[in-house]
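Heads up, the thing below is written out as structure tokens.
None of the figures in this text is laboratory data; all of them are computed from the coordinates on show. All of these numbers come straight from a predicted model, not from anything done at the bench. Ideal geometry is used to build each Cβ from the backbone, glycine not excepted, and the neighbour counts take in all protein chains shown.
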Amino acid sequence: MSILCQGRALASADVTAEHPMHGNELRMDGLARTGAAASAPLSLASLALAGGVATLLGVGLGRFSFTPLFPAMVEAGWVSGGDAALLGAANLAGYLAGALAAPWIDARLGRRTALRCGMVLTALALIACAWPVGLVWLMGWRLTAGVTGGMLMVLAAPTVLAAVPALRRPLLGGLVFSGIGIGVVVSGFGVPLLLPAGVGAAWLSLGLAGLAMVALAWSRWPAPPVTAARRALALHRPLILALLICAYSSDGIGFLPHTVFLSDYVARGLGWGVAAGGHMWAVFGLGAAVGALSAAAVARAVGFPLALLLALIVKTAMVGLPLLTSEAIALGISAAMVGLLTPGLVVLGSGVAAELAGPDGHARAWSWMTSGFAVAQAVGAFGLARLFDRTGDHIAIFAIGTAALAAGTLAAVVAVLLLSRRPHR
């Protein structure tokens, strides 16, 4: 009898390895037979909610809420302008560290524990910034928010996408990464409404909202497949993945002109005033709100690699549009499209990582892509800031962003051509 039971267990394990998408169902069946409690499969809505609030909290609020709070903290005397820039740099450095460390944290804590801890720490970091204890205190918590944001970006999507069939992944990925766009909208419209109550009240409100998101996602994380912890990462197309990592990383520089300098270009460079600059950021946010789902729809129609190439082509043109004209309508179109493609490229990059590394290697490959983006972003932000400090030339900033995206587009072209010659299994 024991031999028969062992044979059934081995057969179940073999089927699970051969068909990883059915791993959750097979494991629950095995647990039921051994008398262990088995939970019902999570719905697509539950998975989307968990992943969406993770990116909303980790990146949308943990990072982008600092943009409107930057000048408010300076005006309130909490920090100087230079100190506020250091807080932003600390968050970017933490994001890179979190993206690199995510697989290591995952292996030691377990996927669900890592995600829960990341969300809790992000909410606590927002709450801690409500007290102006000093620069070191604020910098430590902005660094923490960066680390947890990078970790949540890497782990959230692979966790929920592995729990659904392949055909449903583009839609679910779009829903998950919509949290980034929603965060841009909330930061652009919501934070200014909180500021009349004080900078501390704004930080505290964001942190409390983060704790509510923790509660929403807590029980909605699926268990990772059993095979994920035991299999070595096997890349089906390592050269192609390397090219697409380069292509995706180019956006780390390419998106900076709009996310950092566009509002200032409109307000001061063109002399249209601070209100006009704020309106342009709002247009960017509206585009970002629909970007993830739009990219998911294109990916479902043409596949992730080709969709990534098309997105890079369009974004290169849109970042370069201010080089050709300063008309308000053209700049609005540029802002909306770059906003749309900012979370849109995240969806496509994650989808490419999943397609070329498989469900078990998704988190590791996505960590590489996110880390490449973070490195390009950090180097680009420092370099563009120094250039602008010396020249005050907005147009040069847009030219550099366009050139970076053009180089990334070329890498994507080569990758797609290689894929077309040797179709992926």
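Here are some notes:
- Highest average first, the peptides 339-346, 44-51 ordered by how many other beta carbon atoms sit within 10 Å of their residues are 339-346, 44-51.
- Based on the reciprocal of the average 1/r between different C-alpha atoms, the Kirkwood radius for the chain equals 22.0 Å.
- At an R0 of 30 angstrom, the distance between the Cβ atoms of Val120 and Leu193 translates into a FRET efficiency of 0.70.
- Computing FRET efficiency as 1/(1 + (r/R0)^6) for Ser80 and Leu323, where r is the C-beta to C-beta distance and R0 is 30 Å, gives about 0.35.
- Taking 0.36 nm per residue of separation and subtracting the current Cα-Cα distance, fully stretching the chain between Arg108 and Trp131 would add 5.0 nm.
- Each Lys or Arg adds one and each Asp or Glu takes one away; over the other residues whose Cβ falls under 13 Å from the Cβ of Ala412, this sums to 0.
- Put simply, when 353-363, 410-420 are sorted by average Cβ atoms within 10 angstrom per residue, most first, you get 353-363, 410-420.
- Panel order for Cys246, Cys117, by other beta carbons found within 10 Å of each beta carbon, from fewest to most: Cys117, Cys246.
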